[in-house]
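So the structure is just underneath, and the comments pick up after that.
The values are calculated or read from the model by the stated rules, or taken from the named source; none is laboratory data. Treat the numbers as computed from the prediction; the structure is a model and nothing was measured. Glycine also receives a Cβ, built like all others from the backbone with ideal geometry; neighbour counts cover every protein chain displayed.
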Amino acid sequence: MKKVPRVIATAALAGAVFASISSSAEAASFDPVLAQPTSTFPFTDVPAERMEMVLDLYQNKFFNGVSADKFGWGQTIKRVDAAMIAARGMGFRNEFSMPEGILTFKDIPERAKGAVSFLQFYQVVNGKSETFFGSNDAITRGEAAIILARAYRDVLVTPTEQVHHFTDATGRYAEAINKLVATGIVNGIMPDRFGTNSLIKRGEFAMMVARLSDPALSPPSPYGDLPSSEGGLTMEAEKKSYSLPSDTSVSLTLTNTAEFPYARSRIYKLEKKQGDKWLQLQYDVGLQFPADMPRIEAGETQKINLWFGSFKALITAGEYRVSHTFYPSMDEGEKVSIAAYFTLTE
């Protein structure tokens, strides 16, 4: 599938800010050209120029359609559904166990209790009252801005001044909207109006989530070029190419041909190549790793599996590597940083 370049603005405090666009870039244009369904993309109501972004969200299980062949591009979205998507983007997974007593809202459907409890724990959502979330109410653009700005706070630019001309981005909405505009995530419905109290459409919300989850917002890798073999250690991917969405993890083989063992942490870094740089994808919030340092003995081979669902950013087609640093036991050598390289295709 041909790639459509994503537009990710960084700290555009001077010069062209997205707010200057005369109409919302998230909204479908009048009588848009619609995407053609494929074996991996079933929706017939998504504008063609947004197909790639919606496909990435769909394959990464952020969104389903409202029916087998409709995404619901122009439909509103309930507060509870928006909250579940924000929690997914922040790193919530259904297998997470939340402490008792976190969830105070009484109107949360069973399917969403874990996700909303997660958001309450991390102080992302407020209710209409202490016990009423307003699950079935349609969410406004202002409410969506607050929830997403809190959920993705670690990737947003924090400007030192206002970067837009929206007269309705005031009060409790002001900070969130300013950060989203400065990071290039969202536009207004008019040059001087964000549309704070307007109901957000599923298509608009999807575009915000896609931009916030884009790997381009990930921090740079602490490593430069890395070999696959050094100091007697070799790390290789089981396959040179994996396919989305059928492949959900990368399998690695780690071999130690040195005469001494190496110790390692359990946290492997997944990095994606962007231009000539490697970006480090962030693990989900809430994941915990044992603090022990397991060893790979001299002459030993180990198998490692890294699940793509452990990471917050969208996993999309491109060049990837898994990197790690290993430490020799008993000071018998230097520490070694190596990587296993592979590609992902759609």
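Observations, loosely collected:
- Count of residues meeting criterion [of a type outside the set (Val, Ile, Thr), assigned to a loop (DSSP other than H, G, I, E, B) and either in contact with a strand residue (DSSP E or B) (Cβ under 9 Å, 6 or more places away or on another chain) or not assigned by TED's automatic domain parsing to the domain that holds Asp247 (or both)] in region 311-331: 3
- Among the residues of region 235-259, those that are over 13 Å from Lys303 (Cα atoms) and among the aliphatic types (A, V, I, L, M) comprise Leu244, Ala258.
- Residues in region 260-291 that are under 28 Å from the mean Cα position of the chain (by Cα), farther than 24 Å from Phe62 by Cα and surrounded by fewer than 16 Cβ atoms within 10 Å (Cβ to Cβ): Ser265, Arg266, Ile267, Gly275, Asp276, Lys277, Phe289, Pro290, Ala291.
- As for region 231-247, it holds at least one residue that is of a type in the set (Phe, Trp, Tyr) and within 22 Å of the chain's Cα centre (by Cα).
- Among the residues of region 191-230, those that are hydrophobic (A, V, I, L, M, F, W, C) and out of contact with any Lys or Arg (no Cβ under 6 Å at 6 or more places or on another chain) comprise Phe194, Leu199, Phe205, Ala206, Met207, Met208, Val209, Ala210, Leu212, Ala216, Leu217, Leu226.
- Of all residues in region 33-72 being assigned to a loop (DSSP other than H, G, I, E, B) and of a type in the set (Ser, Thr, Tyr), the one that is surrounded by the most Cβ atoms within 10 Å (Cβ to Cβ): Thr44
- Residue in region 264-272 that is without any contact (Cβ under 8 Å) to a residue 12 or more places away in the chain and either assigned to a loop (DSSP other than H, G, I, E, B) or touching a strand residue (DSSP E or B) at 6+ places or on another chain (Cβ under 8 Å) (or both) present: no
- Qualifying residue in region 195-204 (condition: assigned to a loop (DSSP other than H, G, I, E, B), buried (at least 21 other Cβ atoms within 10 Å of the Cβ), modelled with pLDDT of 95 or more and of a type in the set (A, V, I, L, M, F, W, C)): yes
- Any hit, region 69-79, residues being within 24 Å of Phe308 (Cα to Cα) and among the polar types (S, T, N, Q): no
- For region 167-199, the tally of residues that are under 24 Å from Gln75 (Cα atoms) and touching a Gly at 6+ places or on another chain (Cβ under 9 Å) stands at 13.
- Within region 91-111, the set of residues being under 24 Å from the mean Cα position of the chain (by Cα) and of a type in the set (Gly, Ala, Ser) comprises Gly91, Ser97.
- Scanning region 310-333 for residues that are among the aliphatic types (A, V, I, L, M) and more than 17 Å from Leu281 (Cα to Cα) turns up just one, Met330.
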